[in-house]
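Would you mind keeping the following structure in view while I ask a few things?
The values are calculated or read from the model by the stated rules, or taken from the named source; none is laboratory data. Everything numeric in this text was worked out from a predicted model, so none of it was measured. Reconstructed Cβ throughout: ideal geometry from the backbone, glycine too, with neighbour counts over all protein chains shown.
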Amino acid sequence: MRLLLIFQVAFLFITQLQAQIEQTDSLINKDEDLVFVNPEVPPRFPGGYDSLYTFIKQNNNWRVGQETIVGKVFVQFIVEKDGTITNIKVIKGLNESCDTEAKRLVSILPNFKPGEQSGIPVKMRMVLPINFDGLK
C-alpha cells in the first residue's frame, strides 16, 4: 500500500514536470520575440569573460588625454539565437565620447555562443560594464 502511494506521488510529480517542460518548449518555439533575462544556460563569449575584457581593452580607441574621465559605461544589448548582437544601447553613461566608444566596442564583438532554455537557443538581454580610466 505504501509503495503504491509513493509510486502515485512520483507519477504525479513527473507528469507535472513534463507538462511544464512542454509548456516552456512550446512558448520558446512560438514566440520569436521572447527575450530571456536569465536562461538556463547564458550566452558565452568565445574564450570566456577574460577574453571578452581582453578584446575590449585591445580595441578601445578612447584615449587618455581626450578628457579626464574615470568610471563605467553600462551597455545593454541582446544576444540573438544565432549569437549576433543587436539592440545596443547605453543604460548608464559617463559622457558622449565614452558612451559612443562603449557602443562601438559592443557593436564589433564577435558572435557569442547563444543562451539556451531547455536545450533550445534563445535570445537574451545582457548588460556589460566597460571601464574608462582617464587618469592612467
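Which residue out of ASN95, ASN131 is farther than 18 Å from TYR49 by Cα and either in the same structural domain as ASN38 (by TED's automatic domain parsing) or in contact with a Gly (Cβ under 9 Å, 6 or more places away or on another chain) (or both)?
Only one candidate qualifies: ASN95.
Can you list the strands (runs of 3 or more DSSP E) lying wholly within region 57-125 that have 2 or more residues being more than 20 Å from VAL35 (Cβ to Cβ) and more than 12 Å from the chain's Cα centre (by Cα)?
70-79
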